[in-house]
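The values are calculated or read from the model by the stated rules, or taken from the named source; none is laboratory data. In this text, all values refer to a predicted model and were calculated from it rather than measured experimentally. Cβ: placed from backbone, ideal geometry, glycine included. Neighbour counts: every protein chain shown.
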Amino acid sequence: MSTDGGAMPGADGRLRCPWGLSAEDYVAYHDDEWGRAVHGDDALYERLSLEAFQSGLSWLTILRRREGFRAAFAGFRIPEVAAFTAADEARLLADSGIIRNRAKIQAAIANAKVAAELGEGELDALIWSFAPDPEQRPAPRSGADIPAVTPESKALAKDLKKRGFRFVGPTTAYALMQACGLVNDHLADCWARELVEEGATR
């Protein structure tokens, strides 16, 4: 999530990352979710799955279908998705509430199987082990200061792929890191940045 500009005022006068003002649906996501720490295997599996489905598409497309995805994928509860069968795959391919991409659907099911094999709490521990030291990351002043990939996202993608996860390239891995609070890429002047740093809620 980035643009080349600096923080911009919204209708309420608060400065936000420009992408957070680019569509009405983005405002709440930007303010309340993006960059906030996400923990729990199922929650991280959901974000990993949605980021993979987003590949090549707008995140807005995914955001507007998120409830459809949750209904289709059993709330992204790992054990349940890991048990999906060929009949479930066919059901998903016919579900207009999600992105009907066969390769991505198969990847989401395969990834649940891999995550289930890791054991409880292990997916959370694995992903968060790649969080960089926040003290070594200066606050971005504009979208131009935000990378698409980092050494940490490359390492995370490599580790996930080695374990059998699919659709987890370095760019997808970095988007996951941004969304789940492993990094804080809210712009320096964005009102939400300090809340993320403090682990506060709106």
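The figures follow:
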| read-out | value |
| --- | --- |
| Residues of the range 53-88 satisfying the condition of being touching a residue at least 40 places away in the same chain (Cβ under 8 Å), out of contact with any helix residue (DSSP H, G or I) (no Cβ under 6 Å at 6 or more places or on another chain) and in a helix (DSSP H, G or I) | Trp59 |
| Residue in the range 20-31 that is in contact (Cβ under 8 Å) with a residue 40 or more places away in the chain and under 14 Å from the mean Cα position of the chain (by Cα) present | yes |
| Gly143 vs. criteria at pLDDT below 95 and either farther than 30 Å from Leu15 by Cβ or surrounded by 15 or more Cβ atoms within 10 Å (Cβ to Cβ) (or both) | yes |
| Residue ID - farthest from Glu67 (Cα to Cα), chosen from residues in the range 80-114 that are within 22 Å of the chain's Cα centre (by Cα), of a type in the set (Gly, Ala, Ser) and surrounded by fewer than 17 Cβ atoms within 10 Å (Cβ to Cβ) | Ala103 |
| Selected residue (criterion: nearest to Glu51 (Cα to Cα)) from residues of the range 94-114 that are in a helix (DSSP H, G or I) and basic (Lys, Arg) | Lys104 |
| Gly5 vs. criteria of a type outside the set (Lys, Arg), without any contact (Cβ under 8 Å) to a residue 40 or more places away in the chain and surrounded by fewer than 17 Cβ atoms within 10 Å (Cβ to Cβ) | no |
| Members of the range 146-171 that are crowded, with 21+ Cβ neighbours inside 10 Å and either in contact with a strand residue (DSSP E or B) (Cβ under 8 Å, 6 or more places away or on another chain) or part of a helix (DSSP H, G or I) (or both) | Ser153, Leu156, Ala157, Leu160 |
| Among (1) outside any loop (DSSP other than H, G, I, E, B); (2) surrounded by fewer than 16 Cβ atoms within 10 Å (Cβ to Cβ); (3) in contact (Cβ under 8 Å) with a residue 12 or more places away in the chain - the single one Glu117 does not satisfy | (3) |
